[in-house]
Amino acid sequence: MIENYEQPKKIVISDTLELIRYYPYYRRTLPWYQDLTLCKQVDNIDHPYDLDRLKRMYTYLSKKGECYYIKYKDGNTWHLVGDISLCNGAVSIVIAPEFQNRHIGRSAITGICRRAKEIGLSCLDAEIYAFNTQSRRAFEAVGFREIAPEQFRLAL
């Protein structure tokens, strides 16, 4: 929760992409965080999340900022494909491995940047590990620039 701002239930990005306010749905999200490649990309760890760690993460993000699921329409079917959060002036994102490389992340980042601007933030930060070239490209495509090793910023 961001002080003095009510988090919207939904942010429509396009006809095929929406951000949906976080609600507990661990059956869908836990498999993302049990993928070892994804855990390395996001947290630079070599072990999967367990349910307790996942719950703590979502609780923290939703209490200290805004956390959303990324909902993507593939053909005629909607899927939850990841999550994105805006917390303490920083954005973080996870896209399920099977939905990566479709520019979903770039579009979701653009949407959360619009939200950050709406609530009055002047810039957004992101921490991206040097080896995570996929995320670096996505954030740079939206306009983020590296300001220090593994630290990126976008002026809004």
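Look at segment 30-58: where a residue is assigned to a loop (DSSP other than H, G, I, E, B) and a partner is among the basic types (Lys, Arg), sitting 6+ places away or on another chain with Cβ atoms under 7 Å, you get ASP46/LYS40.
From the residues in segment 117-142 that are touching a helix residue (DSSP H, G or I) at 6+ places or on another chain (Cβ under 6 Å) and surrounded by 14 or more Cβ atoms within 10 Å (Cβ to Cβ), which one is nearest to LEU36 (Cα to Cα)?
Restricting attention to segment 117-142, the residues satisfying the condition of being touching a helix residue (DSSP H, G or I) at 6+ places or on another chain (Cβ under 6 Å) are 124, 126, 128, 132, 138, 141-142.
With the extra rule that they be surrounded by 14 or more Cβ atoms within 10 Å (Cβ to Cβ), the set shrinks to 124, 126, 128, 132, 138, 142.
Numbers: LEU124: 27, ALA126: 21, ILE128: 17, ASN132: 14, ALA138: 20, VAL142: 26 Å.
Among residues in segment 117-142 that are touching a helix residue (DSSP H, G or I) at 6+ places or on another chain (Cβ under 6 Å) and surrounded by 14 or more Cβ atoms within 10 Å (Cβ to Cβ), the one nearest to LEU36 (Cα to Cα) is ASN132.
Restricted to segment 62-83, and to residues there that are in contact (Cβ under 8 Å) with a residue 12 or more places away in the chain and of a type in the set (Gly, Ala, Ser), the residue that is nearest to ILE109 (Cα to Cα) is GLY82. Annotation: of all residues in segment 145-156 being touching a residue at least 24 places away in the same chain (Cβ under 8 Å) and not basic (Lys, Arg), the one that is surrounded by the fewest Cβ atoms within 10 Å (Cβ to Cβ) is ALA155. Count of segment 17-46 residues, restricted to those that are touching a Cys at 6+ places or on another chain (Cβ under 9 Å) and exposed (fewer than 15 other Cβ atoms within 10 Å of the Cβ), is 3.
Within segment 59-77, the set of residues being of a type in the set (D, E, K, R), surrounded by 13 or more Cβ atoms within 10 Å (Cβ to Cβ) and in a strand (DSSP E or B) comprises GLU66, LYS71, LYS73.
In the condition set (1) exposed (fewer than 13 other Cβ atoms within 10 Å of the Cβ); (2) closer than 21 Å to GLU98 by Cβ; (3) modelled with pLDDT under 95, TYR5 is compliant with all but (2). Could you check segment 94-107 and list, in sequence order, the residues that are of a type outside the set (D, E, K, R) and farther than 15 Å from ILE128 by Cβ? Within segment 94-107, ALA96, PRO97, PHE99, ASN101, HIS103, ILE104, SER107 qualify.
The values are calculated or read from the model by the stated rules, or taken from the named source; none is laboratory data. It should be emphasised that the depicted structure is a prediction, and the values quoted were computed from it without experimental measurement. Every residue, glycine as well, gets a Cβ built from its backbone with ideal geometry; the counts of neighbours run over all protein chains shown.
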